[in-house]
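This report refers to the structure that appears directly beneath it.
Only the coordinates and a few stated rules stand behind these numbers; no lab work does. This one's a predicted model, so the numbers in the text were calculated from it and none came from an experiment. Methodologically, a virtual Cβ is constructed for each residue, glycine included, from the backbone with ideal geometry; neighbour enumeration extends over all protein chains shown.
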Amino acid sequence: MDNLIIRAATKSDVPAILGLIQELATFEREPNAVAVTEAELLQDGFGESPAFGCFVATNESKVVGIALYYPCYSTWKGKSWHLEDLIVTEPHRGKGIGFALLKKFISFAHNTGVRRIQWVVLDWNTPAINFYEKQGAKTLSDWNITQMTEGAMQKFIAEQDAGI
């Protein structure tokens, strides 16, 4: 792509970022799962204490991909970065944009001195797994992701408060 630019996201990119998040949710068969709003993305990514960072890929000034990341901490490795999502809009896949975003994120992370970066990929997303492994990443099959939704947290707290 001749006009491809990878840069740090700005506040004006938030609508496009949310659009790509929604596109990913649809791709991952969860079209109604996105709860985050533009206002939350603005506050959480561009407020006084940003909770995440984001690189955007633009082609002719249109956002066509993002790499959204945040800091985490490993008890074994220390400071780390978690790549929450690497998203390229469907019409622009296969053109090197995902690679350019991943390269930007890896370079950024390496320059901050972390010993590890990590991300999650769905077990059925073979093209993504192959893409990441081709870049030198290792897909761990012996770990499971464990999550609690907001409702599950509320239920847990209520049960504990009730002595259940």
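Beta carbons within 10 angstrom, averaged per residue: use that to sort the peptides 26-34, 143-151, 106-114, highest first. Display every interim value, and only then the final one.
Working: 26-34: 11.4, 143-151: 7.0, 106-114: 13.6.
Result, highest mean Cβ count within 10 Å first: 106-114, 26-34, 143-151.
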**Request:** Before rounding to the nearest 500, sum -39500 (n - 2.57) across all DSSP H runs of length at least 4 in the chain and divide by the residue total; then give [θ] at 222 nm in deg cm²/dmol.
**Result:** -11000 deg cm²/dmol
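Take each of the peptides 10-18, 73-81, average the number of other beta-carbon atoms within 10 Å over its residues, and list them starting from the highest.
Values: 10-18: 15.2, 73-81: 12.2.
Sorting 10-18, 73-81 by mean packing, highest first, produces 10-18, 73-81.
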**Request:** May I have the extent of the alpha carbons of region 18-164 along their three principal axes, as whole Å values ordered from largest to smallest?
**Result:** 56, 37, 35
